[in-house]
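A.B. asks: Okay, here's the structure, questions in a sec.
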Amino acid sequence: MAADCLRILAVSHSCVVGLNQQRYEALARFSDLDLTLMFPTHYVSDFDGRRLDPDKTTAERYRIVSGPPVLAGNGSLYFYRRGLREAFDRSQPQVVFVDEEPWSLSAAQMVWGARRRGARTVFFTNQNLRKALPPPFCWIQRLVFRAAGWAFTAGEEAAEVLRWKGYTGPVSLLPFGVDPTLFRPQDATTLRRELGLRGTVFGYFGRLVPEKGVAIFARAALGLCDRFPEAVSFLLAGSGPEGDRLRQMIGATPHAPRFVFVDRTLREEAPRYLCAADVVVVPSLRTRRWKEQFGRILVEALACGVPVIGSDSGETPFLIRRLEGGVVVPEGNVEALADAMAAMTREPARRQALAETGRARVLAGYTHEAVAATMRDVFLKVARADRR
């Protein structure tokens, strides 16, 4: 442990999945930081209830500490049975980064630990809905707000919600990053031919669930088929409860041959399938309990040089406007989405311009390295403030 390095302890249950450690891998490359990362010995998927065991438990440039969780997979209710003392002893942190919602039990554990060790706290939140919390969660949130020297949010709406909740400290946007060596433009001619895709290809990538708006996409796509005979086709990559219903709805029309369903793609295959599309559509719908918190697929598509169309749900419109790589349509509006898709079909030069601008923006500010640089700058500011 280098004496002149800023010592950081980060906790994040999402890092059970090795791919989610990429921002920390990039952070650990800074020579003036000493990083320890903690996550549970296992977790349970929020989406399908599968047990997730860590697929990366050692690292070259940073320490990894894991501890057995209680109530794994229960969001804000999970906490650590053991392991915190080891994490604090091994890291001797000056800054503790809580990559958990600020009302969670694990956040409370980390803040109490940081206070005992005299460390400063930084936290991250995705929450972009105005929700009043019952005790004890509102008490935990106040504790975290008082202790925090800085906050990160996934998007602009989350920052607004944070202010509404009463947080008065500094806030910075911290997007989810992308690996530009994996998500990059590539020739997908062979894959398109294998899948039977032709003309302008519109892609949907994600869970086949109502709130993701996949039925809106399908209805807009069917309408587009009437406008452009033989000139468009559609790729739907994902799985979920809406899958069978969509297949039945599309199969009952004469346009079914233009639709290709891919149940699931491996992470390393995702860029190839993204590049098989000419436009990626993200038609999310808000619900009473959820709206789009970031939209990682938007960044990944643009990194691959594919422009996007997104609904004005949650963070999606803010992200598209910052990246300048696509167009925004009203959520749930089939006709508006079909019109936007038609415009993209007619204007390949516009598609190309949007793709080039969006990819440049992603490479400038949305790689794991760029995200890690933002984290480092904040951690250094918080540590310096403590010395004044």
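Residues are listed down the side, and each one gets a yes or a no for (1) free of Cβ contacts under 8 Å to residues at least 40 places away in the same chain; (2) under 27 Å from residue 99 (Cα atoms); (3) assigned to a loop (DSSP other than H, G, I, E, B):
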residue	(1), (2), (3)
335	no, no, no
338	no, no, no
345	no, no, no
351	no, no, no
354	no, no, no
361	no, yes, no
364	yes, yes, no
371	no, yes, no
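A.B. asks: Also: Which one of these is surrounded by fewer than 16 Cβ atoms within 10 Å (Cβ to Cβ) and under 26 Å from the mean Cα position of the chain (by Cα): 146, 130, 198? Please lay out each step first, then the result.
C.D. replies: Details: 146 fails: under 26 Å from the mean Cα position of the chain (by Cα); 198 fails: under 26 Å from the mean Cα position of the chain (by Cα).
Within the list 146, 130, 198, the selection yields 130.
A.B. asks: More than 27 Å from residue 131 (Cβ to Cβ) and either crowded, with 22+ Cβ neighbours inside 10 Å or touching a strand residue (DSSP E or B) at 6+ places or on another chain (Cβ under 7 Å) (or both): does that describe residue 204?
C.D. replies: Values: more than 27 Å from residue 131 (Cβ to Cβ): yes; either crowded, with 22+ Cβ neighbours inside 10 Å or touching a strand residue (DSSP E or B) at 6+ places or on another chain (Cβ under 7 Å) (or both): yes.
Yes.
A.B. asks: Name every residue in region 54-64 that is surrounded by 12 or more Cβ atoms within 10 Å (Cβ to Cβ) and of a type outside the set (A, V, I, L, M), in order of residue number.
C.D. replies: Residues satisfying the conditions are 54, 56, 57, 61, 62, 63.
A.B. asks: Of the residues 320, 297, only one is of a type in the set (Val, Ile, Thr), closer than 23 Å to residue 181 by Cβ and out of contact with any Pro (no Cβ under 8 Å at 6 or more places or on another chain); which?
C.D. replies: Numbers: 320 fails: closer than 23 Å to residue 181 by Cβ.
Only one candidate qualifies: 297.
A.B. asks: Scanning region 265-290 for residues that are over 21 Å from residue 236 (Cα atoms) and not hydrophobic (A, V, I, L, M, F, W, C), which turns out surrounded by the most Cβ atoms within 10 Å (Cβ to Cβ)? Give the steps one after another, and end with the answer.
C.D. replies: Applying the first criterion (over 21 Å from residue 236 (Cα atoms)) to region 265-290 yields 287-290.
Those still in the list that are not hydrophobic (A, V, I, L, M, F, W, C) too: 287-289.
On the way: 287: 11, 288: 6, 289: 8.
Among them, the one singled out is 287.
A.B. asks: Would a scan of region 157-168 turn up a residue that is touching a residue at least 60 places away in the same chain (Cβ under 8 Å), under 16 Å from the mean Cα position of the chain (by Cα) and surrounded by fewer than 19 Cβ atoms within 10 Å (Cβ to Cβ)?
C.D. replies: No, that holds for no residue.
Residue-wise test of (1) assigned by TED's automatic domain parsing to the domain that holds residue 33; (2) farther than 26 Å from residue 50 by Cα; (3) surrounded by 23 or more Cβ atoms within 10 Å (Cβ to Cβ).
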residue: 66; (1), (2), (3): yes, no, no
residue: 78; (1), (2), (3): yes, no, no
residue: 85; (1), (2), (3): yes, yes, no
residue: 106; (1), (2), (3): yes, no, yes
residue: 109; (1), (2), (3): yes, no, no
residue: 123; (1), (2), (3): yes, yes, yes
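A.B. asks: When the residues of region 59-106 are filtered to those that are part of a strand (DSSP E or B) and of a type in the set (Gly, Ala, Ser), which remaining residue is farthest from residue 22 (Cα to Cα)?
C.D. replies: Step by step, filter region 59-106, then rank; the result is 67.
A.B. asks: Separate question: Under 16 Å from residue 36 (Cβ atoms), touching a Gly at 6+ places or on another chain (Cβ under 6 Å) and at pLDDT 95 or above - does that describe any residue in region 97-104?
C.D. replies: So far as region 97-104 goes, no, none of its residues is under 16 Å from residue 36 (Cβ atoms), touching a Gly at 6+ places or on another chain (Cβ under 6 Å) and at pLDDT 95 or above.
A.B. asks: To continue, here is another question. In the set 30, 47, which member is over 22 Å from residue 268 (Cα atoms) and either part of a loop (DSSP other than H, G, I, E, B) or touching a residue at least 60 places away in the same chain (Cβ under 8 Å) (or both)?
C.D. replies: Details: 47 fails: over 22 Å from residue 268 (Cα atoms).
Matching residue, one of 30, 47: 30.
A.B. asks: Return the pair list, or none, for Cβ contacts closer than 6 Å from residues in region 103-118 that are within 11 Å of residue 88 (Cα to Cα) to residues that are assigned to a helix (DSSP H, G or I), at least 6 apart or on different chains.
C.D. replies: 113/84; 113/88; 117/88
A.B. asks: Related question: In this structure, does residue 208 turn out to be part of a loop (DSSP other than H, G, I, E, B), of a type in the set (A, V, I, L, M, F, W, C) and in contact (Cβ under 8 Å) with a residue 24 or more places away in the chain?
C.D. replies: In short, yes.
A.B. asks: Next question, about the same structure. For region 1-33: of the residues being aliphatic (A, V, I, L, M) and surrounded by fewer than 20 Cβ atoms within 10 Å (Cβ to Cβ), which is nearest to residue 368 (Cα to Cα)?
C.D. replies: For region 1-33, the residue satisfying everything is 19.
The values are calculated or read from the model by the stated rules, or taken from the named source; none is laboratory data. These numbers come from a predicted model, not from an experiment. Neighbour counts run over all protein chains shown; Cβ positions are idealised from the backbone, glycine included.
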